[in-house]
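A.B. asks: Please read through the structure below; I'll follow up with questions.
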Amino acid sequence: MAQEDLFKKLVAHCKEYGYVFPSSEIYDGFAAVYDYGQYGVELKNNIKKYWWDSMVLLHENIVGLDSAIFMHPTTWKASGHLDAFNDPLIDNRDSKKRYRADELIEEQLEKYEGKITREAEKARKRFGDAFDEQMFLDTNPRVLAIREKYDALHDRFVKALNETDLKELGQIIADEEIACPLSGSKNWTEVRQFNLMFSTELGSTAENTSRIYLRPETAQGIFVNYLNVQKSGRMKIPFGIAQVGKAFRNEIVARQFIFRMREFEQMEMQFFVPPGTELEWFEYWKSVRIKWFRTLGFGDDKYRFHDHEKLAHYANAASDIEYLFPFGFKEVEGIHSRTDYDLGRHQEFSGKKIQYYDQETGKSYVPYVVETSIGLDRTFLHVISAAYHEEDLIKEDGSSDSRVVMKLPPFLAPIKLAVFPLTRKDGLPEKARTIVEELRFDFNCQYEEKDSIGRRYRRQDAIGTPYCITVDHQTLKDDTVTVRYRDSMEQDRVQITELKQIIKDKVDISNLLKQL
Ligand code: ATP
């Protein structure tokens with residue numbers, strides 16, 4: 001199936017099965033804002049727990065925080081967001097569509113890369129087993145010509161970004177003859193800067209109001225609480241503060257479902273280290289974080305690092321973890337070495353000494369920071385796009401069938417088990433209910449008695465429930481039930497008393513945390 005079709009189906013599936021709804025849908029939705037439904041909220045909570053436990057539970061030197069969304073307006077002056085949290089935007093005069101200039105150029109670079117890959121694929125077909133790809137890439141004149149164009153564009157682009165040269169970005173778009181993907185037209189406006197922060201007024205009377213901002217990242221709440229946490233928790237460097245919370249960005253182009261939203265959730269951890277050790281810690285956190293993703297079990301090759309072309313105003317090193325979405329490799333997490341920029345600036349703007357006294361050396365310093373910043377919604381999208389499968393099945397009588405199944409890792413699944421009475425009579429519903437009543441303290445359970453067992457299985461497959469338990473007449477005689485496993489569709493007959501352990505072994509998050 002084409003990846004674009006798959007993505008459309010995934011979006012429709014999320015709506016049909018209560019995972020994600022467009023916001024305010026009765027009013028035709030609201031741009032780039034989404035609501036999580038009854039199963040979506042459970043999946044989201046489980047992802048959050050996996051992250052939170054991996055940080056706060058597993059590290060003695062990482063503690064949590066929940067800071068407010070509203071912050072003193074000076075925060076954003078100090079952090080640099082008021083002056084520098086901008087994206088370069090460009091409008092197409094014919095389609096009236098707005099784009100990020102840097103993204104248009106990045107897509108052009110990807111086109112050149114795609115051309116090289118296609119040349120190599122063609123050559124592989126021609127030469128068969130004897131094909132030496134590296135030699136081909138190093139010597140083929142057509143590939144070399146494309147590579148030359150790529151390198152020249154890349155260098156020009158990085159220079160323009162680093163110098164925030166908007167004119168040059170516009171010139172690159174003109175020189176590369178980049179057209180609007182919608183209208184095909186090259187009739188562009190000039191490139192302008194656009195600040196991504198939402199602002200609002202605080203206060204009730206005109207004289208008293210002050211302009212405040214919705215936080216564009218949760219990190220600043222951590223920085224302004226550095227002293228509080230360090231002192232009250234008697235924390236010794238190196239230590240970290242973790243936080244999960246909403247962030248808001250007035251994205252120029254919000255698209256790809258919950259990939260880029262205007263209101264979203266971040267899971268951030270700021271790790272405070274002595275100056276000069278930050279790059280070692282940066283490498284350490286890169287490897288810890290990619291392992292966290294790989295432990296989900298979707299395939300190690302689905303992730304890669306991407307080092308930043310342009311470093312943010314506060315960073316001396318930055319790398320993204322990218323996941324292979326149906327629309328290509330895209331960022332899910334950023335790992336940034338933020339230097340002493342943030343704490344140093346808050347020290348300057350607040351006039352308070354924000355430092356750490358090292359008892360061993362007897363010296364005080366402004367700590368350096370390595371941050372891991374992951375998007376909860378993007379991770380959600382990653383998980384559901386990896387879990388979504390359409391399968392063709394051959395039934396026992398030889399006829400064919402198909403199913404949509406969400407192969408979610410069991411510890412992330414919203415519902416862990418569904419219990420079905422085979423029929424609605426002979427005391428089977430009552431017996432099934434006693435199982436739910438017993439297990440609901442440990443797992444998210446669902447009871448279902450409507451429709452055939454086959455249809456009930458299909459509904460649970462579509463939600464991603466890893467275990468379905470069926471209560472039949474034999475259950476009444478010997479207290480056994482069938483357990484049907486979502487992925488293999490195999491069934492076992494087990495004692496009711498064994499159920500808890502069987503399910504716990506697979507859904508218990510601690511088993512996963514032990515692998516980290
Ligand atoms: P991008 O380049 O995609 O705009 P970014 O580099 O600005 O992202 P960061 O500021 O590093 O993103 O934010 C950390 C994480 O927060 C990202 O890796 C992503 O998972 C998430 N995130 C950022 N912006 C959005 C958004 N608009 N919608 C959903 N998630 C987001």
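All of the numbers you see were taken from the coordinates with simple rules; none came from a lab. Model, not experiment: these values are computed from the prediction. Positions of Cβ are backbone-derived with ideal geometry, glycine not excepted, and every protein chain shown enters the neighbour counts.
A.B. asks: How much of the DSSP beta bridge set in the chain is antiparallel, as a percent to the nearest 5?
C.D. replies: If I count the DSSP bridges inside the chain, around 85 percent turn out antiparallel.
A.B. asks: Using only Cα atoms, locate the centre of segment 343-418 and the centre of segment 1-28, then give the distance between them in Å, rounded to an integer.
C.D. replies: 21 Å
A.B. asks: Considering Cα pairs under 8 angstrom that are at least six residues apart, work out the relative contact order of segment 410-513 and quote it in whole percent.
C.D. replies: 30 percent
A.B. asks: With a cap of 12 neighbouring Cβ atoms within 10 Å, and only residues DSSP puts in a loop, list the GluC sites (Glu not before Pro) found in segment 347-399.
C.D. replies: 360, 396
A.B. asks: Residue by residue through segment 383-393, which ³J(HN,Hα) values in whole Hz follow from phi under the Karplus form 6.51 cos²θ - 1.76 cosθ + 1.60 (θ = phi - 60°), with glycine and proline marked x?
C.D. replies: 5, 6, 6, 6, 7, 6, 9, 10, 10, 8, 10
A.B. asks: Further question on the same structure: Tell me what the chain gives for mean residue ellipticity at 222 nm when only DSSP H runs of n ≥ 4 count, each as -39,500 (n - 2.57), the sum divided by the residue total, rounded to 500 deg cm²/dmol.
C.D. replies: That calculation yields -12000 deg cm²/dmol at 222 nm.
A.B. asks: Report the FRET efficiency, 1/(1 + (r/R0)^6), for residue 450 and residue 48, where r is their Cβ-Cβ distance and R0 is 45 Å, rounded to 0.05.
C.D. replies: 0.90
A.B. asks: Please report the antiparallel percentage of the DSSP beta bridges confined to segment 410-513, to the nearest 5.
C.D. replies: 55 percent
A.B. asks: Along the Cα-to-C-beta direction of residue 174, a point sits 7 Å from the Cα; which residues of segment 96-114 have their amide N less than 17 Å from that point?
C.D. replies: Label zone hits: 101-102, 105.
A.B. asks: Just to verify a number: FRET efficiency for residue 309 and residue 288, C-beta to C-beta distance, R0 = 22 Å, to 0.05?
C.D. replies: 0.35
A.B. asks: Right, another one. Please compute the length gained on full extension between residue 8 and residue 485, using 0.36 nm multiplied by the number of residues separating them and subtracting their Cα-Cα distance.
C.D. replies: Fully extending the segment from residue 8 to residue 485 adds 169.0 nm.
A.B. asks: Given the Cα-Cα distance of residue 125 and residue 211 and 0.36 nm per residue of separation, how much length would full extension add, in nm?
C.D. replies: Working it through step by step, the gained length comes to 24.8 nm.
A.B. asks: What are the ³J(HN,Hα) values, in whole Hz, obtained from phi via the Karplus relation 6.51 cos²θ - 1.76 cosθ + 1.60 with θ = phi - 60°, for each residue of segment 122-129 in sequence order, with x given for Gly and Pro?
C.D. replies: For segment 122-129, the Karplus-derived couplings read 4, 5, 4, 4, 5, 8, x, 4 Hz, x marking Gly and Pro.
A.B. asks: If you count, for each residue, the other Cβ atoms within 10 Å and average over each peptide, how do 327-340, 133-146 line up from highest to lowest?
C.D. replies: Listed from highest to lowest mean packing, they are 327-340, 133-146.
A.B. asks: What is the distance, in nm, between label points placed 7 Å from the Cα along the Cα-to-Cβ direction at residue 25 and at residue 327?
C.D. replies: 2.0 nm
A.B. asks: Same structure again: Starting from the 7 Å offset along Cα-to-Cβ, what nm value, one decimal, do you get for the label separation of residue 107 and residue 280?
C.D. replies: Those two pseudo-labels are separated by 4.5 nm.
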